[in-house]
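Accompanying notes for the structure given below.
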Amino acid sequence: MNDALFQPITLGAITAKNRILMAPLTRGRATSPGFVPNDMMVTYYRQRASAGLIISEATGISVEGLGWPNAPGIWSDEQVEGWKAVTDAVHEEGGQIILQLWHMGRIVHPDFLGGEPGVSASATTAPDHAHTPTGRQPHQQARALELDEIPRVIEDYRHAAANAKKAGFDGVQLHGANGYLVDQFLRETTNLRTDEYGGSPENRTRFLREVLEALIDVWGADRVSVRLSPNGATQGADDSNPEALFGAAAQVIEDLGLGFLELRQPGPDGTFGRTDVPKQDPVIRKIYTGPLVLNSDYSAEEGVADIESGRADAISFGRPFISNPDLPDRIAKGADWAPNTNVPQSWYLPGAAGYIDYPTLAEQPDQQ
């Protein structure tokens, strides 16, 4: 029944052993101070190496870009060494892993920046609250990046990509989704600029293009991918014409020849970021001819259907991987995911509970 998910697939220079990708999942278990990957994270990723490809949790490219307690970074030598232990573990288990590069933009609270405001495409304020070391606090207004600052931020991405190579990753993914910095440049509610980075969809995709070009300089296009969230509002980032905007973004990605494109597309019944805005993959599929990975609230059966129909080439599963480290084995055997329902309260807590203590199918013989 699930054979479509277990066919190998070529994602640029990466050949994945199956089409069950592990989506990026922020878990907040890095060591602070320093935002350094640790032994617990080594275990976590080792446990999930049966995925066709692991996309790492979002990882900060710089101090300026990281505003999540105990999330990992990739700007320091210590962080590189921490991540190297992770990539070694995944490779020892026969898996592959790429690093998702993250600049949170206006979502970074001043508490992370010594009281200075975060940066964004424009001077705007995100809705709701930020997660800070001292608890949830209202977001503060970001300042707009000056034109002459943008090359510096792009260089931060380039440096992070080079560090990812030193750490032994198999490639990198640009986080261009979910209302973070790249998405803030893309969407009209967060990009109010009147220079060459604002206005038309082609101008608003300029930052996306320039960052991707920097990553390609380091890795080559076939080991670079990007994640977008083209339908609906996310953290206050929205657009009135997603078809035009993400059609333009798809053209950028097609022109650059990336290894693959991943789309997070919630629906009206989604469990995170539900929206009535139509999914944009049909529009994007007409422009982008490379491998397309779809994500958001998929069951195994839905994933099979979309692969068999040609709508998707692979599926990335997020929350099912939190509580089912052996998710591909469970899908292959038709096992119920329910015994390992994850607990949202433990998603971001420190410690092993709700992180590396979920049993595998082999440890639950009654579920085989």
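Please treat every number below as a calculation from the coordinates, not as lab data. Nothing here was measured: the structure is a model prediction, and the numbers come from that model. Cβ coordinates were reconstructed from backbone atoms using ideal geometry, including for glycine residues, and neighbour counts include every protein chain displayed.
Applying a length cut-off of 18 Å (Cα extent along the axis) and a mean Kyte-Doolittle floor of -0.5 to the DSSP H helices of the chain leaves 206-219, 242-256. The reciprocal of the average 1/r between distinct C-alpha atoms defines the Kirkwood hydrodynamic radius, which for the chain equals 20.5 Å.
Computed over the alpha-carbon atoms, segment 113-186 gives an Rg to Rh ratio of 1.02, Rh here being the Kirkwood radius from the mean inverse distance. What is the distance in Å between the Cα centres of segment 161-225 and segment 261-303? Their Cα centres are 20 Å away from one another. Exposure proxy ranking for TRP219, TRP83, based on other Cβ atoms within 10 angstrom of each Cβ and starting from the fewest, stands as TRP219, TRP83.
Run the count for the chain, please: Lys pairs, Cα-Cα under 29 angstrom, 8 or more apart or on different chains. Lysine pairs, 8 or more places apart or on different chains, close enough: 8. The residues HIS129, HIS103, when put in order of fewest to most other Cβ atoms within 10 Å, stand as HIS129, HIS103.
Comparing PRO282, PRO72, PRO325 in a Gaussian network model of the chain (Cα springs below 10 Å), the most mobile by mean-square fluctuation is PRO282.
Let a ≥ b ≥ c be the square roots of the eigenvalues of the Cα gyration tensor of segment 257-365; is it rounded (a/c under 1.5), or, if not, prolate (a/b larger than b/c) or oblate? Prolate shape, in that a/c is at least 1.5 and a/b is the bigger ratio.
Classify segment 23-86 as rounded, prolate or oblate from the Cα gyration tensor: take a ≥ b ≥ c as the square roots of its eigenvalues, call it rounded if a/c is under 1.5, otherwise prolate when a/b beats b/c and oblate if not. Since a/c reaches 1.5 and a/b is larger than b/c, the shape of segment 23-86 is classed as prolate. Quick one: dipole size for segment 140-196, taken about the Cα centre, charges +1 on Lys/Arg Cβ and -1 on Asp/Glu Cβ, in debye to the nearest 20. Roughly 260 debye, rounded to the nearest 20. Judged by the mean number of other Cβ atoms found within 10 Å, the most tightly packed of the peptides 171-181, 352-362, 28-38 leads the ranking 171-181, 28-38, 352-362. For segment 238-277, a/c is not less than 1.5, where a ≥ b ≥ c are the root eigenvalues of the C-alpha gyration tensor, and a/b does not top b/c. That puts it in the oblate class. Most simply put, the chain has about 20% antiparallel DSSP beta bridges, counting only bridges with both residues inside it.
Listed values for segment 120-126 are Karplus-derived 3J(HN,Hα) couplings in whole Hz (6.51 cos²θ - 1.76 cosθ + 1.60, θ = phi - 60°), namely 7, 5, 9, 7, 10, 10, 6, and x replaces Gly and Pro.
For the chain, relative contact order (Cα pairs under 8 Å, six or more residues apart, normalised by length) works out to 17 percent.
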